[in-house]
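Heads up: the structure comes next, in structure tokens.
The values are calculated or read from the model by the stated rules, or taken from the named source; none is laboratory data. Being a predicted model, the structure only gives us computed values, none of them experimental. In this analysis, Cβ positions are derived from the backbone assuming ideal geometry, glycine residues included, and neighbour counts consider all displayed protein chains.
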């Protein structure tokens, strides 16, 4: 667990590697959405209420949280470390069993919030200013994640809005892939 925590938060993933990963992820997912809009639309419509994917994402989120809690400096809260670990395990099981409504949306939001940390650590006090591309993405993802956790029906409504007009899906896919390409170019050319 300590090796995972160290690689994510101390010193973290190098900025260039983070930029390459984010750029490739954005190009790959948005490129697929552009090339296969029908399959993408079908997946997106089913995603908010998909309990299987939601359960897997929930387990990943709770494992990540467990690792962070177990490895971080807790200061005065060190005395309750093991109690919180038990609560996290019970919480994971409880969410999967009792919070089935929009579990995929809530877990995706939770993961976006968690993902912001390693992204921000990789870009912290680094040059050049173009690193702010992924910083803005991290903060935007965390903000959207908070809304999806608290009001998961918003993702369903956002998906419905995008799929209402196929041109929106295509334009969004092109925009996401272009942003991913920009991040990838910056990572390869400028970020060290």
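So here's what we get for this one:
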quantity: Among (1) under 18 Å from residue 53 (Cβ atoms); (2) part of a helix (DSSP H, G or I) - the single one residue 173 does not satisfy; calculated: (1)
quantity: Verdict on residue 75 being crowded, with 17+ Cβ neighbours inside 10 Å and free of Cβ contacts under 8 Å to residues at least 60 places away in the same chain; calculated: no
quantity: Set 70, 107: member being touching a helix residue (DSSP H, G or I) at 6+ places or on another chain (Cβ under 7 Å) and over 21 Å from residue 47 (Cα atoms); calculated: 70
quantity: Members of the stretch 125-151 found to be outside any helix (DSSP H, G or I) and either under 13 Å from the mean Cα position of the chain (by Cα) or at pLDDT 95 or above (or both), listed by number; calculated: 151
quantity: Close pairs from the stretch 6-29: first in contact (Cβ under 8 Å) with a residue 12 or more places away in the chain, partner outside any helix (DSSP H, G or I) and crowded, with 18+ Cβ neighbours inside 10 Å, Cβ under 6 Å, at least 6 apart; calculated: 15/191; 16/191; 19/191
quantity: Residues (surrounded by 13 or more Cβ atoms within 10 Å (Cβ to Cβ) and closer than 23 Å to residue 69 by Cα) located in the stretch 94-103; calculated: 95, 96, 99, 103
quantity: Pairs with Cβ under 9 Å, 6+ apart, first in the stretch 90-118 and in contact (Cβ under 8 Å) with a residue 24 or more places away in the chain and at positive phi, second crowded, with 16+ Cβ neighbours inside 10 Å and outside any helix (DSSP H, G or I); calculated: 102/152
quantity: Meets criteria (touching a helix residue (DSSP H, G or I) at 6+ places or on another chain (Cβ under 6 Å), in a helix (DSSP H, G or I) and farther than 26 Å from residue 129 by Cβ) for residue 59; calculated: no
quantity: Residue ID - farthest from residue 31 (Cα to Cα), chosen from residues in the stretch 165-180 that are out of contact with any helix residue (DSSP H, G or I) (no Cβ under 8 Å at 6 or more places or on another chain) and at pLDDT below 95; calculated: 165
quantity: So residue 29, is it at pLDDT 95 or above, farther than 17 Å from residue 171 by Cα, part of a helix (DSSP H, G or I) and under 18 Å from the mean Cα position of the chain (by Cα); calculated: no
quantity: Neighbours by Cβ (under 6 Å, 6+ apart or cross-chain): first from the stretch 157-168, free of Cβ contacts under 8 Å to residues at least 40 places away in the same chain; second in a helix (DSSP H, G or I) and surrounded by 11 or more Cβ atoms within 10 Å (Cβ to Cβ); calculated: 168/162
quantity: Qualifying positions in the stretch 32-44 - farther than 17 Å from residue 109 by Cα and part of a helix (DSSP H, G or I); calculated: 32, 33, 34, 35, 37, 38, 39, 40, 41, 42, 43
quantity: Filter pass, residue 138 being crowded, with 19+ Cβ neighbours inside 10 Å, more than 26 Å from residue 46 (Cα to Cα) and in contact with a helix residue (DSSP H, G or I) (Cβ under 7 Å, 6 or more places away or on another chain); calculated: no
